[in-house]
Amino acid sequence: MAGMNSMSIPSELILEKPLVVGYILKMFPRFSETFILNEILELERQGVKVLIFSMKQPDEPTTQPDVQKVQARITVIPPLKGKALWEHIISHGTCLFRSPRRYFQTLRFARLRRAKTAWNKFLLTPFIVRKARAARVEHLHAHFASGPTRQAKFSSMMSGIPYSFTAHAKDLFWEGHQHGRNNKLKKRVRMSSFVITISEYNRRFILKQNFKVPNNRLVTIYNGLDLTKWPLLRPDGQPTAKQENTLPLILAVGRFVPKKGFYDLVKACSILMDHDIPFRCVIVGEGPEKGKIKDLIQSYGLKEHVHLPGPVPQDRLLQDFYPQASVLVQPSVVSPDGDRDGIPTVILEALAIGLPVIATEISGIGEAVIDGDTGIIIPPGETEALARSIENLLADPALAKRLAEGGRRMIEKRFNLERNVNLVIHLMKFSARGGERMTATKLRRKVGLKPLKETVEDRS
């Protein structure tokens with residue numbers, strides 16, 4: 001036996017234990033957040049063990065079908081009342097006994113914030129820490145730089161488990177966050193192991209806050225698609241399920257909120273109708289602005305042309321809507337409160353399968369939709385330009401084919417889920433276990449971006 005213990009085992013034969021990651025999310029599952037679902041499924045496919053903490057009890061009546069494939073245990077953080085109160089008390093006692101220094105440092109940090117939200121996050125933190133330690137979580141990750149990241153930051157402070165977060169859209173651009181006028185985002189960035197931005201636009205926004213963090217702290221890794229599930233179905237850009245005498249279908253998908261610009265799409269449809277252009281339009285989704293959009297459709301006399309079928313799961317979009325559509329329209333705008341889109345997943349899905357896209361260059365959209373190459377870009381709010389672009393595309397099969405080919409190339413270059421999630425895993429492993437980390441240049445090249453030294457905006 002002694003001889004066996006002294007034998008050296010080749011390093012390539014030693015199997016590395018799976019990485020264990022805790023995801024802190026506002027609510028999981030959430031119908032519109034397919035990018036998070038895709039990421040978790042790919043993490044699990046690549047051998048990562050995931051534990052999910054949902055800050056809210058899921059309350060949506062419809063879920064995406066792929067939610068059933070998630071292996072991770074989903075723990076909803078219970079409120080501080082009723083039977084759950086005792087579990088919170090036990091968790092506080094456990095964390096205090098195990099590491100009084102970390103417990104009181106986190107307590108002091110929360111009190112110095114002088115905000116009810118910070119205090120509430122502190123009170124919930126020991127519950128997360130106790131569960132994470134029991135599951136041997138090595139790294140914490142949050143999606144959205146707002147509440148979930150603040151909860152991850154407190155949990156990291158109390159447990160010593162490093163954390164990171166992904167910054168998307170409203171969590172950066174909504175004026176209510178007052179970025180630049182308070183230190184909330186700066187603390188979250190500075191205390192994190194790394195920050196993932198889903199676009200260069202987002203990375204530059206954070207850089208402009210002048211937080212004085214190393215360049216390699218902020219990493220652009222695009223949300224991706226499983227290219228095996230999203231093949232190029234329409235290489236010529238034309239509908240594959242087009243029926244005889246069927247009007248061309250203009251498709252839009254998203255939540256019914258101001259930043260999606262669906263009011264502009266309805267107005268553009270009115271222009272098309274006035275120009276006697278044959279079409280039908282379907283706007284898929286749900287949200288607080290649906291009633292106003294219905295009223296606008298009514299006022300323009302478009303009830304026979306524009307339809308609102310409600311929320312549609314991803315599999316039905318792929319089966320029933322994407323094959324029939326002639327164009328996907330994403331007329332995003334900056335809403336009055338500063339909120340705006342990131343890079344909507346629906347754009348990536350359309351580009352992947354060869355469905356031509358017309359969009360506005362809001363936030364990071366222009367990093368996926370390149371005018372005349374992968375799609376058509378119009379100024380936000382320009383309904384005449386939108387109507388004209390739709391009309392031109394419907395009349396030009398050669399343009400549709402060129403955009404379909406360019407769109408697929410872009411997806412393979414920047415939005416490959418398997419490769420991009422592998423980069424996320426690399427960063428998480430480095431954070432949790434150390435070792436050698438890829439250079440910023442190598443990371444950027446893998447997602448089709450120039451090295452930082454070649455990026456003019458970073459030198460200005």
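Starting with the fewest neighbours, write out Ser99, Ser299, Ser192 ranked by other beta-carbon atoms found within 10 Å of each beta-carbon.
Starting with the residue having the fewest Cβ neighbours, the order is Ser299, Ser99, Ser192.
Quick check on the exposure proxy: order Lys401, Lys413 from fewest to most C-beta atoms within 10 angstrom.
If I rank by nearby Cβ atoms, fewest first, I get Lys413, Lys401.
Roughly speaking, what is the centre-to-centre gap between the range 348-381 and the range 427-446 when only Cα atoms are used, to the nearest Å?
Between the Cα centres of the range 348-381 and the range 427-446 lies a distance of 30 Å.
With all distinct Cα pairs included, what does the Kirkwood hydrodynamic radius of the chain come out to in Å, to one decimal, could you say?
When all Cα pairs of the chain are included, the Kirkwood radius is 23.7 Å.
Which far-off residues, 5 or more places away or on another chain, put their amide H under 5 Å from the one on His307, with H placed in the peptide plane?
Cys281, Val282, Ile283
Using only alpha carbon positions, build the gyration tensor of the range 249-414, then give the equivalent ellipsoid semi-axes as the square roots of 5 times its eigenvalues, largest first, whole angstrom.
22, 18, 16
Would you list the membrane-span-like helices of the chain, meaning whole DSSP H runs whose alpha-carbon atoms span at least 27 Å along their axis and whose mean Kyte-Doolittle value is at least 1.0?
Span-like helices here: none at all.
Could you work out [θ]222 nm for the chain from helices alone, using -39500 (n - 2.57) per DSSP H run of at least four and dividing by all its residues? Round to the nearest 500 deg cm²/dmol.
-12500 deg cm²/dmol
Expressed as a rounded percentage, what relative contact order does the range 249-414 have, with Cα pairs under 8 Å and six or more residues apart?
Across the range 249-414, relative contact order equals 24 percent.
Can you compute the modelled spin-label distance between Lys413 and Lys69, with each label point 7 Å from Cα toward Cβ, in nm?
Once both label points are built, they end up 2.7 nm from each other.
Whole Å is fine, so just give me how far the alpha carbon centre of the range 288-314 lies from that of the range 267-283.
13
How many Å³ per residue does the convex hull of the Cα positions in the range 314-386 occupy?
So the per-residue hull volume is 94 Å³.
Can you sort Thr374, Thr439 so the residue with the fewest Cβ neighbours within 10 Å comes first?
Starting with the residue having the fewest Cβ neighbours, the order is Thr439, Thr374.
How long are the three semi-axes of the equivalent ellipsoid of the range 56-181, in whole Å, if each is the root of 5 times an eigenvalue of the C-alpha gyration tensor, listed from largest down?
24, 21, 15
Quick check: the distance between the Cα centres of the range 325-339 and the range 48-107, to the nearest angstrom?
35
Over the chain, what is the mean sequence separation of C-alpha contacts under 8 Å (at least six apart), divided by residue count, expressed as relative contact order in percent?
15
If I take every Cα pair under 8 Å that is 6 or more residues apart in the range 18-220, average their sequence separation and divide by the length, what percent do I get for the relative contact order?
Computed value for the range 18-220: 19 percent relative contact order.
What net charge do the residues around Asp315 carry, taking every other residue with its C-beta under 14 Å from that of Asp315, with Lys and Arg at +1 and Asp and Glu at -1?
-1
Bear in mind that the values in this text are calculations on the coordinates, not laboratory data. Bear in mind that the values here come from a model prediction, so they are computed numbers and not experimental data. Backbone-built Cβ (ideal geometry, glycine too); neighbour counts: all protein chains shown.
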